[in-house]
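Report on one structure; see the data block that follows.
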Amino acid sequence: MAKKLYFGSNLKMYKNTAATVSYLQDLEEKTKDIPKITRFIIPSFTTLERASAAVDHQNIMIGAQNMCYADEGQFTGEISPLMLKELGIDLVMIGHSERRHVFGEKDAEENRKVLAALSHGFTALLCIGETADEKNYGISTEILRQQLKIGLFGVRPEDTDRLWIAYEPVWSIGVNGTPASADYAEEMHFEIKKCLAELFGERAERIPVLYGGSVNPGNAEELIVQKDIDGLFVGRAAWDAAKFDALIRQALKAYASGAE
Ligand code: PEP
């Protein structure tokens, strides 16, 4: 059966407000005729108010790159879920590789954020992925299981319809990244889905698991046709609206020619 596909991008700390708004409007215009996919863009915090107002959220969901687990308090420099709610944000990304490896966030902290995001009605996008060392030691599956079991601890089964997972191996992300092979990505997605099924039973089937890490026009097709890959979470290759539109269409064409 054809699956619902997801395409999105994290803009990291690159586009200012004017550039974000014009990118979003361009992307919405270019891709709005593409049916049955979920699109989402995750811009920088300071752009969110204008970004949220710039698009129809039925066409493009807007996300935040991080969020504090507390509603308010002595948390200098943090952004509260209530503040994001005010801006009409749809989803919150939690545990991106750069949050974990540049800013030292741990699984228990990601768990508090996941629970807070879900309790405030957001879609929670939990990012997980092993480092190159962990892969070389042959413990990728164990690491992913740990990140899922701690990161999703206490998530109520009824909230899983607002839960997405992004598998982003740390060694595959960014300018120095090496893209995962489609076979390796599929193997990890299979393991992730197996763990989600242990945690949430049949409801796990509806949790999308997206692949991210150096997705580009050269590998998008072979990735999207993998059985357990539900979407592509794209960085650099998506930051030009025309190029992202072309990548989405290319991936969908490949998927359509393989889907039953
Ligand atoms: C990312 O940072 O989440 C990412 C997937 O980036 P890139 O596609 O540029 O590797």
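Any read-out appearing in this document is the output of simple, stated calculations on the displayed coordinates, not a laboratory observation. Bear in mind that the values here come from a model prediction, so they are computed numbers and not experimental data. A quick note on method: Cβ atoms are made from the backbone with ideal geometry, for glycine too, and the neighbour counts reach across all protein chains shown.
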Query raised in the report: How long is region 33-156 along each principal axis, judged by its Cα atoms, biggest number first, in Å?
Result: 46, 43, 29
Query raised in the report: With θ set to phi - 60° and the Karplus curve 6.51 cos²θ - 1.76 cosθ + 1.60, what are the ³J(HN,Hα) couplings of region 79-84 in order, to the nearest whole Hz, using x for Gly and Pro?
Result: 10, 7, x, 5, 5, 5
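Please give the net charge around ARG145, taking every other residue with its beta carbon less than 13 angstrom from that of ARG145, where Lys and Arg add +1 and Asp and Glu add -1. Working shown, then result.
Numbers: positive: LYS149, LYS193, LYS194; negative: ASP107, GLU130, GLU134, GLU142, GLU191, GLU198.
Residues near ARG145 contribute -3 overall.
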**Report entry** Global size of region 5-259 as Cα Rg and Dmax, reported in angstrom
**Finding:** 17.0, 54
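Where nothing but the Cβ of Lys and Arg (+1) and of Asp and Glu (-1) is charged, how large is the charge dipole of region 1-140 around its Cα centre, in debye to the nearest 20?
400
If you take the beta carbon distance between TYR184 and ALA246 as r and set R0 to 25 Å, what does 1/(1 + (r/R0)^6) give as a FRET efficiency, to the nearest 0.05? Don't skip to the end; give the middle numbers.
Details: r = 25 Å, r/R0 = 1.01.
The value I calculate is 0.50.
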Query raised in the report: With springs only between Cα atoms under 10 Å, which of LEU118, LEU247, LEU82 fluctuates most in a Gaussian network model of the chain?
Result: LEU82
Query raised in the report: At a Förster distance of 41 Å, what's the computed FRET efficiency of VAL175 paired with SER22, Cβ-Cβ distance as r, to 0.05?
Result: 0.95
Query - Long-range HN-HN contacts of THR38 with modeled amide H, under 5 Å - result: LEU5, TYR6, PHE7
Report task. May I ask for log10 I(q)/I(0) of region 132-237 at q = 0.20 Å⁻¹, from a Debye sum over the Cα atoms as equal point scatterers with solvent left out? Result -> -1.04
Query - Coil-residue trypsin sites (Lys or Arg not before Pro) of region 93-131, DSSP, other Cβ within 10 Å capped at 15 - result: LYS106
Report task. Would you kindly state how much longer the chain becomes between THR76 and LYS194 on full extension, computed as 0.36 nm times their sequence separation minus their alpha carbon distance, in nm to one decimal? Result -> 38.6 nm
Query - Gaussian network model of the chain, springs between alpha carbon atoms under 10 Å - residue of ALA124, ALA19, ALA166 with greatest fluctuation - result: ALA19
Report task. Restrict the search to region 1-97; then list the chymotrypsin sites (Phe, Trp or Tyr not before Pro) that DSSP places in a loop and that have at most 12 other Cβ atoms within 10 Å of their Cβ. Result -> PHE75
Requested in this report: Give, in nm to one decimal, the length gained when the segment between SER119 and ASN216 is fully stretched (0.36 nm per residue of separation minus the Cα-Cα distance).
Outcome: 31.5 nm
Query - Listed pairs LYS3/LYS113; LYS4/LYS193; LYS15/LYS85; LYS113/LYS227; LYS3/LYS32 exceeding 26 Å between Cα atoms - result: LYS3/LYS113; LYS113/LYS227
Query raised in the report: When only Cα pairs under 8 Å and 6 or more residues apart are kept, what is the percent relative contact order across region 5-259?
Result: 18
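Based on the alpha carbons, how large is the Rg to Rh ratio for region 1-66 when Rh follows Kirkwood?
Numbers: Rg = 11.9 Å, Rh = 12.1 Å.
Rg/Rh for region 1-66 comes to 0.98.
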